[in-house]
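Asker: Questions regarding the structure given below will be posed in turn.
Derivation of every value follows stated rules applied to the coordinates shown; laboratory data play no part. Note that the structure is predicted; figures quoted are calculated from it, not measured. Positions of Cβ are backbone-derived with ideal geometry, glycine not excepted, and every protein chain shown enters the neighbour counts.
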Amino acid sequence: MITKLGKQKLEQQILDLQKELERTFDERNKAAAEGDLKENSAYIYLGEQAQLLYTQIEEAKIDLKHSNVQEAPTKTDKISFGHKVIIRFESDKREISITLVGKNDARLKPDWISCESPLGIALLDKSKSDKVLVNDQPVTILDISIGEI
């Protein structure tokens, strides 16, 4: 699952990584022209950098291929992707508001967290007033509303 914004950001990330990969190959070709490749640290480093970039591109493409753009939920009885949730950590009575989104959406906005995070996993399918444990901390669900995704 992914938001429209998350999909756009992931597509842009792939383009940016591909451009960086092209630059890396250009630099590697310049380093190759300097001679002995076995002892050419720039050539070796740029080869490793290219492999890392290639891996990141492939992972992002897989994420994009397997992600379905989700609309905001319409009901607020059980917490799911796209819900805005107000919770209270009982240990210090701290209250926070979060919106549950996909892993590629997390951190795109300050209060967005991944459904796959420990907190997200603990909250999924829970209802208002339920209590859950997150990293051994008791948490109370104060409110569930439709998030702006």
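Asker: Taking Cα atoms, how many degrees apart are the long axis of helix 41-65 and the longest axis of the chain, rounded to 10 and kept between 0 and 90?
Answerer: 40
Asker: Return one number: the angle in degrees, 0 to 90 and rounded to the nearest 10, between the long axis of the Cα atoms of helix 4-32 and the longest principal axis of the Cα atoms of the chain.
Answerer: It works out to around 20 degrees.
Asker: Where the centroid of each part is defined by its Cα atoms, how far is the range 85-115 from the range 27-42 in Å?
Answerer: Going from one Cα centre to the other spans 47 Å.
Asker: Within the range 45-87, list the GluC sites (Glu not before Pro) lying in a DSSP loop whose Cβ has at most 14 other Cβ atoms in a 10 Å radius.
Answerer: Answer by residue number: Glu71.
Asker: How about the range 80-143: which GluC sites (Glu not before Pro) there are in a DSSP loop, with at most 16 other Cβ atoms within 10 Å of their Cβ?
Answerer: Glu90, Glu116
Asker: Rounded to the nearest 20 Debye, what is the dipole magnitude of the chain about its Cα centre when Lys and Arg each give +1 and Asp and Glu each give -1 at the C-beta?
Answerer: So the magnitude is around 620 debye.
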